Amino acid sequence: MNPDVQKTAPTAPRVELLDLLRLFAVLGVVVYHFGFWGPSSHGEILVALPGLRSVAMYGYLGVSVFFVISGFVIAYSAEGRTATGFAIARFSRIYPTFIFCMTLTFSAILIAGVPRFDATLEQWAGNLAVAAPMVGQPYMDSAYWSLVVEIVFYVWVSVLIGCGLFPRRIDTLVLLWLGISIANELTVDAVVMEKVFLADDSGFFATGLLIYEHYRGRRDTVLYALLALAIGTATFQAVHKLGHLTQQNIDLFDQWIAAAITLASIAVIFLATRLRNIPLPAGVIAGAGGLTYPFYLLHQKLGYVTFYAIGPAYPVVTATLIVIAIALLSWAIWRYVERQVQQRTKTALTALASRLGWPSRVTSLDETSSEKA
């Protein structure tokens, strides 16, 4: 990081705007799951709206857009926090809502999922670990895989903060990370590298981290070079992912379209960080951003359980109404459950950490001047 760059406190509206963009990204994932690749039912992949196939298949890139935004937001969230404080903030943000939505999905499967879907108490217990396959259980909803990727990213950031390397050595860290990823993608393509180093998604996270450096006022050749490398890696990874989606459908995809969507999405995210005024009421932006996380957790399995419980006689109307209903439910979860539980969890864990002598904030005045959400 350039020591000559004077940092100013970030303003919340720009970050909220990125949450709004995340909503558009999750809508892309919703279209993907309803129009191209839904949940599995006894070995069969369900697709509620196959007529959307040619457009819906590119919705997988919505998850990649999440990762770019996550890189930006995590860099913002990490400032002024110790490794303990950062871990508490992320745990409080992610885990309580996950447990609530996972349990809601589990309950819906028990009530209305048979015969297409089933779930067991053992599966529910395994999903308490989020990475359920690691304890021998399937995900309650296959969309949870991206949450595991996010958590691995959080763990790395926590460790690097604890070692005093993040964000002070951001340039070196990004260069090493992208180097490892590119080497893996172009050679052995080892699964363990993908899991541990996020070699399939590093370009997206790194792009978000570097956009945050620019947002904070940094302007130098090294930053622009690294940003170009990160964007190039992200674009390559977006195309590379096509081979992992489904071998039998690979010919359906146009690699140039996937690359164009990736570049356009990154450009929109970058421009969003440059906006100083948002022509929407703050409450609308907060609500749209707030519902995004539970919406992502609920839309697929709960959506399909409901879809087949109602009956697919009028699939477009049924699917549309279900998506709207789940979006409204997600808003209610954010408004009446998530915010309160998140704050209480954060307060309790921060107090516990304090009693153990683990501070949540760094002591330097210039690092603690900015309040973090």
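The values are calculated or read from the model by the stated rules, or taken from the named source; none is laboratory data. On a predicted model such as this, the values are computed, not experimentally measured, just so you know. Methodologically, a virtual Cβ is constructed for each residue, glycine included, from the backbone with ideal geometry; neighbour enumeration extends over all protein chains shown. Note: areas computed on protein heavy atoms with side chains; ligands, DNA, RNA excluded. Shrake-Rupley method; radii C 1.70, N 1.55, O 1.52, S 1.80 Å.
According to the Kirkwood relation over distinct C-alpha pairs, the hydrodynamic radius of segment 48-100 is 13.7 Å. Diffusion of segment 181-274 by Stokes-Einstein, at 25 °C in a medium of 0.890 mPa s and with Rh set to the Kirkwood radius over alpha-carbon pairs, works out to 172 µm²/s. Taking amide H atoms as placed 1.01 Å from N in the peptide plane, the amide H of ARG81 lies under 5 Å from those of VAL362, each 5 or more residues away in sequence or on another chain.
By accessible area of protein heavy atoms, probe 1.4 Å, what ranking do HIS240, HIS299 get, highest first? Write out the running numbers ahead of the final one.
Working: HIS240 45, HIS299 5 Å².
My answer, sorted largest first, is HIS240, HIS299.
Given q = 0.22, 0.24, 0.25 Å⁻¹, what are the Debye log10 I(q)/I(0) values for segment 57-130, with equal point scatterers placed on the Cα positions and solvent ignored? Those come out to -1.00, -1.04, -1.06, one per q.
Pairs of C-alpha atoms in segment 49-185 farther apart than 19 Å represent 63 percent of all such pairs. Computed from Cα atoms, the angle from the helix 145-162 axis to the main principal axis of the chain rounds to 20 degrees. Excluding ligands, DNA and RNA, the accessible surface per residue across the chain is 46 Å² with a 1.4 Å probe. Note the angle between two axes, namely the Cα long axis of helix 301-310 and the longest principal axis of the Cα atoms of the chain, as a number of degrees from 0 to 90, rounded to the nearest 10. Once rounded, one gets 20 degrees. Angle of helix 221-240 to the longest C-alpha principal axis of the chain, folded into 0 to 90 degrees and rounded to 10: 10°. Note on exposure: LYS195, LYS241 ranked by accessible area (1.4 Å probe, complete protein assembly) read LYS195, LYS241, with the most exposed listed first.
Within the assembled protein chains, the solvent-accessible surface assigned to CYS101 is about 0 Å², based on a 1.4 Å probe. With the largest listed first and rounded to whole Å, the semi-axes of the equivalent ellipsoid of segment 265-373 from the Cα gyration tensor are 37, 22, 12. Each residue was assigned an accessible area with a 1.4 Å probe, and for THR318 the value is about 20 Å². As a fraction of the 1.4 Å probe accessible area of the chain, surface on carbon and sulfur atoms comes out at 68 percent. Of ILE326, ILE310, ILE99, the residue with the largest accessible area leads and the full order is ILE310, ILE99, ILE326 (1.4 Å probe). On the beta carbon distance between LEU110 and THR221, with R0 = 45 Å, the FRET formula returns roughly 0.20. Near the amide H of SER41, within less than 5 Å, lie the amide hydrogens of LEU46, all on another chain or at least 5 residues away, with H placed in the peptide plane. Exposure check, 1.4 Å probe, all protein chains in place: GLU150 carries approximately 20 Å² of accessible surface.
As a test of the definition: which semi-axes, in Å, follow for the chain when you take the square root of five times each eigenvalue of its alpha carbon gyration tensor? Largest first, please. Don't skip to the end; give the middle numbers.
Working: eigenvalues 218, 124, 82 Å².
Rounded to whole Å, the semi-axes are 33, 25, 20.
Beyond 17 Å, the tail of the calculated P(r) for segment 320-363 holds 53 percent of the Cα pairs.
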